[in-house]
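K.L.:
Structure provided below as structure tokens; questions to follow.
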Amino acid sequence: MLTQKQSELLAYLSNYMEQHDVSPSFDEMRNALGLASKSGVHRLVSGLEERGYIRRLANRARAIEILKKSFAGPIVARAVGAATNLVTLPLLGRIAAGTPIEALSDPTNHLELPARMVGTGEHFALEIVGDSMDGAGILDGDTVVIQRAETAQHGEIIVALIDQQEATLKTLLKEPGRVGLKAANPKYETRYFSTGQVEVQGKLTGLIRNY
């Protein structure tokens, strides 16, 4: 699945190349997407190439080949938005479902999805890295939809911030004087912390998978 900006760039590349038979320059891409620098364009182009949507031809300027087109981008979303009732969520980065890693935050990336997947309150999306929640059907590479929350009930799947620096997706266990973060894969042990070490950042409300 592409982010909103990746979809916008792919649509722009397709339209530009149909009209000019060559790919646009990085400056033209930057201006078209309203980005502040060409480094942002480089990240988007690399992301499209990694996902198999485009291919950059070596040793040739303005040479990008489109391998496949996305039909989930903003052009389609605007055309059918009234019928499907799409909403846009910030895609804040990657989160571990395994050994905790530092949560990445990139507010420039967004994700569009049906409004029925989002309830009340503020939501955001994160890409899953790791396999510790396989038993709950949450796989490496999935995107989870999270409702922002500061509290959660025993047994809920949450985004937990540990010691103000590491974030992970786990099942919350509440016990007297401590909290546990439980994996859904038997090869990972439940980790316990004092109540002050763990902050609830949000609760799982949805899941998106690429096939």
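No lab work stands behind these numbers, since they all come straight from the coordinates. Predicted model only: the values in this text are computed from it and were never measured. Cβ coordinates were reconstructed from backbone atoms using ideal geometry, including for glycine residues, and neighbour counts include every protein chain displayed.
K.L.:
Within the range 131-147, track down each residue that is under 18 Å from LEU172 (Cα atoms) and not in a strand (DSSP E or B).
P.N.:
ASP131, SER132, MET133, ASP134, GLY135, ALA136, GLY137, ILE138
K.L.:
Is it the case that some residue within the range 194-211 is surrounded by fewer than 16 Cβ atoms within 10 Å (Cβ to Cβ), part of a loop (DSSP other than H, G, I, E, B) and either over 19 Å from the mean Cα position of the chain (by Cα) or of a type in the set (Phe, Trp, Tyr) (or both)?
P.N.:
yes
K.L.:
Across the range 117-130, what is the total count of residues that are farther than 10 Å from GLY206 by Cα and in a helix (DSSP H, G or I)?
P.N.:
Residues meeting the conditions: 0.
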